[in-house]
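Inspection log for the structure reproduced underneath, given as structure tokens.
The values are calculated or read from the model by the stated rules, or taken from the named source; none is laboratory data. Everything numeric here is computed off the predicted structure, so don't read it as measured data. Here Cβ is always computed from backbone atoms with ideal geometry, including for glycine, and neighbour counts include all displayed protein chains. Side chains are part of the model used for accessible areas, which takes the heavy atoms of the whole protein and leaves out ligands, DNA and RNA. Shrake-Rupley method; radii C 1.70, N 1.55, O 1.52, S 1.80 Å.
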Amino acid sequence: ASRKTKKKEGGAKRAQRASSNVFSNFEQTQIQEFKEAFTIMDQNRDGFIDKEDLKDTYASLKVKDEELESMLKEATGPINFTMFLNLFGEKLSGTDTEETILNAFKMFDPEAKGNINKDYLKRLMMSQGDKFTAEEINQMFQSSPIDAAGNLDYKSLCYTITHGDEKEK
């Protein structure tokens with residue numbers, strides 16, 4: 001058996017187990033769209049996306065081998081359709097849990113009031129870690145309850161981040 005076949009024999013089960021209920025995370029139309037995308041990327045039609053498939057898919061973009069390797073390393077095994085869906089599911093729903101987000105805000109609320117001054121938060125978010133742009137901050141403030149004193153209710157914001165805005169439903 002070829003190296004490619006050996007690699008896939010052991011990993012296919014692992015890829016399948018990675019998230020057998022991943023299909024329940026998507027609408028049927030989304031699954032069909034992902035299947036079409038997968039088929040386009042699976043250049044050699046063997047049911048798996050490997051480095052050669054990615055090279056062929058991204059040929060016109062002149063993507064480096066290191067970038068292709070990085071893409072492949074995001075998967076926990078060979079990329080069959082189930083793994084492909086799982087990867088996109090993680091990207092599309094890449095939001096932390098409500099508790100994790102709340103705990104992050106609580107670090108800046110030592111008195112546990114449930115709110116943070118919006119100007120203070122804006123300065124922090126534009127200068128620390130993964131810096132936000134002014135536009136991103138303004139977007140966040142648009143969907144955040146802010147009182148007359150300029151304090152953001154971060155508990156409500158966390159709920160909106162993790163559950164969506166009630167107005168959108």
Problem - Pairs with Cβ under 9 Å, 6+ apart, first in region 155-169 and of a type in the set (A, V, I, L, M), second at pLDDT below 65 and loosely packed, with under 15 Cβ neighbours inside 10 Å - result: 161/95
Fill in the blank from the handout: Residues in region 23-32 that are in a helix (DSSP H, G or I) and either under 11 Å from residue 85 (Cβ atoms) or in contact (Cβ under 8 Å) with a residue 40 or more places away in the chain (or both) total 5
Practice task
Scan region 47-56 and give yes if some residue there is over 19 Å from residue 90 (Cα atoms), touching a helix residue (DSSP H, G or I) at 6+ places or on another chain (Cβ under 8 Å) and open to solvent by 60 Å² or more (accessible area, probe 1.4 Å), otherwise no.
Solution key: yes
Practice task
Could you check, for region 80-100, whether at least one of its residues is open to solvent by 60 Å² or more (accessible area, probe 1.4 Å), of a type in the set (Asp, Glu), modelled with pLDDT of 85 or more and within 19 Å of the chain's Cα centre (by Cα)?
Solution key: no
Completion exercise
Within region 109-133, the count of residues that are under 19 Å from residue 160 (Cα atoms) and either basic (Lys, Arg) or free of Cβ contacts under 8 Å to residues at least 24 places away in the same chain (or both) comes to 5
Handout entry: Test result for residue 9, surrounded by fewer than 13 Cβ atoms within 10 Å (Cβ to Cβ) and either at pLDDT 80 or above or not charged (D, E, K, R) (or both)
Key = no
Practice task
Can you give me the number of residues within region 128-152 that are under 17 Å from residue 107 (Cα atoms) and open to solvent by 60 Å² or more (accessible area, probe 1.4 Å)?
Solution key: 3
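Can residue 64 be described as under 30 Å from residue 154 (Cβ atoms), modelled with pLDDT of 85 or more and open to solvent by 90 Å² or more (accessible area, probe 1.4 Å)? Steps first, answer last, please.
Details: under 30 Å from residue 154 (Cβ atoms): no; modelled with pLDDT of 85 or more: yes; open to solvent by 90 Å² or more (accessible area, probe 1.4 Å): yes.
No: the conditions fail for residue 64.
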Handout entry: Criterion: in a loop (DSSP other than H, G, I, E, B) and either small (Gly, Ala, Ser) or under 23 Å from residue 162 (Cβ atoms) (or both) - qualifying residue of 75, 104
Key = 75
Handout entry: Candidates 113, 122 - the one that is at pLDDT 90 or above, farther than 30 Å from residue 21 by Cβ, open to solvent by less than 70 Å² (accessible area, probe 1.4 Å) and basic (Lys, Arg)
Key = 122
Problem - Test: residue 162 is open to solvent by 50 Å² or more (accessible area, probe 1.4 Å), in a helix (DSSP H, G or I), at pLDDT below 90 and under 30 Å from residue 30 (Cα atoms) - result: no
